[in-house]
Every structure is written in structure tokens, then in C-alpha cells.
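A.B. asks: Submitted below is the structure of interest, expressed as C-alpha cells.
The values are calculated or read from the model by the stated rules, or taken from the named source; none is laboratory data. What you see is a predicted model, and the numbers here were worked out from it, not measured in a lab. Please note: Cβ atoms are built from the backbone with ideal geometry, for glycine as well, and neighbour counts cover all protein chains shown. Surface accessibility is based on the protein's heavy atoms, side chains included, excluding ligands, DNA and RNA. Shrake-Rupley method; radii C 1.70, N 1.55, O 1.52, S 1.80 Å.
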Amino acid sequence: MSVLLTGGTGYIGSHTAVELLDAGYDVVLADDLSNSEESVVGRIERICGKRPLFYKADVKDRGILGRIFSENDIEAVIHFAGFKAVGESVGEPLMYYRNNLDTAISVLETMKETGCRRFIFSSSATVYGMNNTVPFREDMPRSSTNPYGTTKLMIEMIMEDLCRSDDTFSCVALRYFNPVGAHPSGLIGEKPSGVPNNLTPYIQQVASGIREKLYVFGNDYDTPDGTGVRDYIHVTDLAAGHLCAMKYSSDHPGFCAVNLGTGTGYSVLEMVRAFEKVNGVKIPYEISPRRPGDIASCYADVTKAKQLLGWQAEKGLEDMLRDAWNWEKNRTGRQESE
Ligand code: UD1
């Protein structure tokens, strides 16, 4: 029996593969390599001493997907494959709807046909929209402010409808807060293409001299220091949450949504200061206007994750920022020596 990870060589997929292999699962990765590299497979093997099976595959292609299912006994799917840049989704909505919805529907259709009934989905805290108050609880109303977020919301709804129509399906939507950091080995991590949109990849590039300074998007929010507050979670903690969701799905049919966060929020300036302290590097910054669509505060209520999955985040800000910087140094060092 194997677990299929679509988007398996990406940032969160690769860390989840390590977690599953370490726990003794057989792992199959499918990825079209549009935002990751095949070398990740070998690096996962270096970390765990076991090599996951890899298919270079666009999972919108039902043919390839059918082959993966017929060549392997897939007990569950963790679905990461999808585009994830918020700004890009505003400019290219059709590309986002086509890609993100098609991949999810292809996977679910193939599962329905083959009898595989456990589906774990990488959803996002973005589904809490702009109108809820923190901490965000899973039973709060959902909304979205951009096409990327709408695809997450729509896929959650597809999962709910599927579970209503067929009570043998188990579908778990994991709502990620802000994943940061990298595997402590420095072998796998996030590889942003172009100018990073997210805070820590940007800070990492300022630290390594690729960018001159950080632009802090607004210091007039209703937060303790005026800058945006987010629930940053170490990517290895997040990966461990998938393992717990996998186990949960084996004997809990139906749909459920679970927050994966730490429950604690930190401001942009707290992140800057913590990065400087932990890594001994200066991060010059400048206050700039708010980014459209940003909310003041976003952090999780983590009660359900604890109760339902028996999971909680273990690592703190120091671990996240130390491992993020370690990865950035290793990565840029590798690129220079290549
Ligand atoms: C963003 C997305 C969210 C997505 C998530 C994935 C937007 C509006 N939201 O969340 O939909 O699910 O990434 O990880 O893009 N910041 C700066 N300067 C920067 C970058 C960020 O000050 O150069 C601030 C932001 O204003 C925010 C905080 O840092 O307060 C975190 O930003 P980011 O890492 O982009 O995450 P989110 O906005 O929470």
C-alpha cells in the first residue's frame, strides 16, 4: 500500500514525503515539475535513506493518473498539486480555475473509479476571508478575495458534496496558516521563483544580499505594533499534521476541515527582529503602503487539530527562522558551485 502525493516534489509535498517515509509508509510522488525539480527526489532519499517512487506527471491528465493507480496500490492521496501565487491568480484567473480545479477533479474521479477513498487536501487559511475575527475557527463562514483563494474554497465544497453523495469517502481539508522554515538538514525547502511574495522568503533574500531591503506592507493596522500579524508554522510541523490526518482518514468517513497553525501570531517587525537575533544578520527595512487584500491579523484556533488529529505544532519561531536561513545559505551555495 502506498500514499500518493500530487505536487510531491514541492515545498510542503517534499517535507510530507519525508515524514511519511520516516513513519514507514511507501510513498509515490507525482509532479509536473512546473515549480520544483526532480533532484528533490534524491534529496528526500538522502534524508530518509529510502527513495520515493517518482512520476513526472501532470495530474490533470487522467491517462497518466490511471497508470499511477494501476501500477501502485494507492491507499490514500494527499493533494498538493496546484498554482499558489495570489497576485498571479488575479491577473490569470482562468489559468488558476482550470489548473487547480481540474487537478483536484481528475484525482477525485480516478479515486472514485479505483476504489481509493481517502483524500487529504492542502487548503488554506485564506478561506476565512476578510470578515471573521481571530482566532479563526473551522466552523466560521468561508469567503475568498482572489481566484487562488476561491479555488481552495471551491475544492473544499467539491469534497463536501462528494462526501454527501458517497459515504465511503473520507476527505480532510487541512487549512494551512503560514508555513515557513525548511528541513533542518538544509536539503529541501522552499524555492520561490522570481521576487518572493511571502514574508520569510523575502527576508531570506535580503539576508543573503539578493535584495537590498524588506518593504513592510503597512504599519497602521490595528495590531500591537501596527504591522500585520500571522500564524507562522514550521513546515516540518505542518508535514507531521498530514501524517495525523492520514491516520484519522482511515476510520473517519465524511468531510472535515482542520486548521494547521500554532495558534500564536507574530507581527512583521517581530519576525524581522527574531530573524536578526537568531541568525546574526541585519535586515534593513522600509515601511511601505499596505498590500491590497491583506488583513490585520490571522491566526488559528488549534483546538480541533488537537482533539481530532491529536496533533499540535512543536517548533517555535527560532527553529523556523534558523532553518529558513540554513536552507537559503545551502541553496545559494549549491547554485554558486553548480
Ligand atoms: C499569503 C496570501 C495567502 C496565501 C499565503 C500562502 C496574500 C494577500 N495572501 O498570505 O492567500 O494563502 O500567502 O503562504 O498574498 N509582508 C511584508 N512584506 C513582504 C511580504 C509580506 O510586509 O514583502 C507582510 C504581509 O503584509 C503580511 C505578512 O508579511 O502581513 C505575511 O505575508 P505573506 O507571507 O505574504 O503571507 P499572507 O499574506 O498571510
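A.B. asks: Within the stretch 269-301, count every residue that is assigned to a loop (DSSP other than H, G, I, E, B) and open to solvent by 20 Å² or more (accessible area, probe 1.4 Å).
C.D. replies: Residues in the stretch 269-301 being assigned to a loop (DSSP other than H, G, I, E, B) and open to solvent by 20 Å² or more (accessible area, probe 1.4 Å): 14 in total.
A.B. asks: Within the stretch 117-173, which residues are within 12 Å of the ligand (Cβ to nearest atom), of a type in the set (Val, Ile, Thr) and within 19 Å of ILE12 (Cα to Cα)?
C.D. replies: THR126, VAL127, THR151
A.B. asks: Just the residues that are open to solvent by 10 Å² or more (accessible area, probe 1.4 Å), among the small types (Gly, Ala, Ser) and in a helix (DSSP H, G or I), please, taken from the stretch 227-267.
C.D. replies: Hit for the stretch 227-267 is ALA240, nothing else.
A.B. asks: Return a yes/no flag: does the stretch 302-311 have any residue that is within 14 Å of the ligand (Cβ to nearest atom), open to solvent by less than 60 Å² (accessible area, probe 1.4 Å) and touching a helix residue (DSSP H, G or I) at 6+ places or on another chain (Cβ under 9 Å).
C.D. replies: Filtering the stretch 302-311 for residues within 14 Å of the ligand (Cβ to nearest atom) gives none.
Looking through the stretch 302-311, none of the residues is within 14 Å of the ligand (Cβ to nearest atom), open to solvent by less than 60 Å² (accessible area, probe 1.4 Å) and touching a helix residue (DSSP H, G or I) at 6+ places or on another chain (Cβ under 9 Å).
A.B. asks: Scanning for something open to solvent by 70 Å² or more (accessible area, probe 1.4 Å) and under 27 Å from PHE83 (Cα atoms), does the stretch 203-211 turn up at least one residue?
C.D. replies: The answer is yes; a qualifying residue exists.
A.B. asks: What pairs come up if the first residue lies in the stretch 299-325 and is farther than 28 Å from LEU269 by Cβ, the second is in a helix (DSSP H, G or I) and among the basic types (Lys, Arg), and their beta carbons are under 9 Å apart, counting only those six or more places apart or on different chains?
C.D. replies: As it stands, the answer is LEU309/LYS247; GLY310/LYS247, since those pairs meet every condition given.
A.B. asks: Considering PRO201, PRO196, PRO224, which residue is out of contact with any strand residue (DSSP E or B) (no Cβ under 7 Å at 6 or more places or on another chain) and either at pLDDT below 95 or in a loop (DSSP other than H, G, I, E, B) (or both)?
C.D. replies: On the way: PRO201 fails: either at pLDDT below 95 or in a loop (DSSP other than H, G, I, E, B) (or both); PRO224 fails: out of contact with any strand residue (DSSP E or B) (no Cβ under 7 Å at 6 or more places or on another chain).
None of the other options fit; the residue is PRO196.
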